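Remarks on the structure that follows.
None of the figures in this text is laboratory data; all of them are computed from the coordinates on show. All values reported here derive from a predicted model rather than from experimental measurement. As a convention, Cβ positions derive from the backbone with ideal geometry for all residues, glycine included, and neighbour counts pool all protein chains shown.
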């Protein structure tokens, strides 16, 4: 299930399986579906990721 995450007023969408974050819900949903069905990552999908929750928080602090 895709989760919404708000960081400094911006909404990100997180794959419920692998925890990668996306700027668009559509890509997070595709990632979640792929991860759930295949227990692996799809390079085409993760190419649209903006990072992982911890990574985004680190970038904001810098």
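So how far apart, in nm, are the two label points at residue 6 and residue 48 if each is 7 Å from Cα heading toward Cβ?
Each label point is offset 7 Å from its Cα along the Cβ direction, giving 2.4 nm.
Using a 10 Å cut-off around each Cβ, can you sort 40, 19 from fewest to most neighbouring Cβ atoms?
40, 19
Determine the gain in length on full extension of the stretch residue 19-residue 41; use 0.36 nm per residue of separation and subtract their C-alpha separation, reporting nm with one decimal.
Full extension of this stretch gives 6.8 nm more.
Could you list 30, 3 so that the one with the fewest beta carbons within 10 Å of its beta carbon is first and the one with the most is last?
Taking fewest neighbouring Cβ atoms as first place, the list is 3, 30.
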